[in-house]
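These notes are about the structure you will find just below.
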Amino acid sequence: MDKPNAQLGNFLRQRRERLRPEQVGLKNLGRRRTPGLRREEVAELANISTDWYVRLEQGRQTLPSQKTIEALAKALRLTESETAHLITLATGRQLRPFQVEKAPASLQRIVKAIHLPAYVIGQRWDIVAWNDLAADVYGDFGRMPKSRRNLLRFAFTDPEVRERLADWEYEARHMVARFREAYDRWSHDPAFTGLVDELINGSPEFSRWWQDHAVSLRAHGHKAIRHPKRGSLLLEYATFQSNENPDLCLILSSQIENL
């Protein structure tokens, strides 16, 4: 399990290393031993002490204030999604033990009755409900044992999923970035760290992309599917939270056209 603030420090370091001096109005005085900005440069841009910033990156400092968060977001040129994630890391860590969610019976009945591909996942992306149309389009989630029925496992370990997703690399990288937001809030919990360790050991792509610490909050988009019977399909999808349990997320898809 991660020590407190470890994910915050890792996120700050990754974002610091991706910036070049000229991007933030600093002179580039030649080659650097490591990529990106120096810690003291970020501290200066954020108007905080270098020692304070170093402690933040090393996970040794108490969580920053709202003012410091805003200054760091500006200094590191964070996007809106990245800024939201920084705020979550600084203020929103979960302390309760994680338990796999259960879809209420009413939600399960609605999912079955929807005339669109539909499925429901929890915070760890465990698949807790789906309908026949979703199984037809994405593959039968039921072929995985209930204890291992997870969307990330499905995407990274099932060869049929790779074949069905026309742009598997793009979709899989986006999944990693979206899951990272949830993981960083639960990085103290063995249910999350165990899943990530399993995927790192079982998928070189996941292992490589996980190190980027990319985050994304985008909850809609398009997927190109190679359907074994209907050919190439273009789907549009959107996600919705359950009012009864906001930890549950409903994903709906609709076909736009045949490719």
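The values are calculated or read from the model by the stated rules, or taken from the named source; none is laboratory data. Fair warning: this is a prediction, and the values are worked out from it, not measured in the lab. FYI the Cβ positions are ideal-geometry reconstructions off the backbone, even for glycines, and counts take in every protein chain you see.
Would you confirm, using the coordinates I've provided, whether residue 205 is surrounded by fewer than 18 Cβ atoms within 10 Å (Cβ to Cβ) and in contact with a Gly (Cβ under 6 Å, 6 or more places away or on another chain)?
On the way: surrounded by fewer than 18 Cβ atoms within 10 Å (Cβ to Cβ): yes; in contact with a Gly (Cβ under 6 Å, 6 or more places away or on another chain): no.
So residue 205 does not fit the description; no.
None of 54, 42, 111, 100 is assigned to a loop (DSSP other than H, G, I, E, B) and either more than 20 Å from the chain's Cα centre (by Cα) or within 30 Å of residue 190 (Cα to Cα) (or both) except 100. Restricting the search to helices (runs of 4 or more DSSP H) fully inside the stretch 137-185 and requiring at least 3 residues that are more than 16 Å from residue 199 (Cα to Cα) and of a type in the set (A, V, I, L, M) gives an empty result.
The residues of the stretch 225-257 include none that are over 24 Å from residue 129 (Cβ atoms), among the polar types (S, T, N, Q) and either within 26 Å of the chain's Cα centre (by Cα) or not assigned by TED's automatic domain parsing to the domain that holds residue 131 (or both). Being part of a strand (DSSP E or B), modelled with pLDDT under 95 and surrounded by fewer than 19 Cβ atoms within 10 Å (Cβ to Cβ) is the requirement here; does residue 188 meet it? Answer is no for this residue. Number of residues in the stretch 53-72 that are over 15 Å from residue 13 (Cβ atoms) and either in the same structural domain as residue 216 (by TED's automatic domain parsing) or hydrophobic (A, V, I, L, M, F, W, C) (or both): the value is 3. When the stretch 96-128 is filtered for residues that are touching a residue at least 12 places away in the same chain (Cβ under 8 Å), more than 17 Å from residue 249 (Cβ to Cβ) and outside the structural domain of residue 140 (by TED's automatic domain parsing), only 97 remains. Looking across the stretch 121-170 at every residue that is small (Gly, Ala, Ser) and farther than 16 Å from residue 239 by Cβ, the one that is surrounded by the most Cβ atoms within 10 Å (Cβ to Cβ) is identified as 139.
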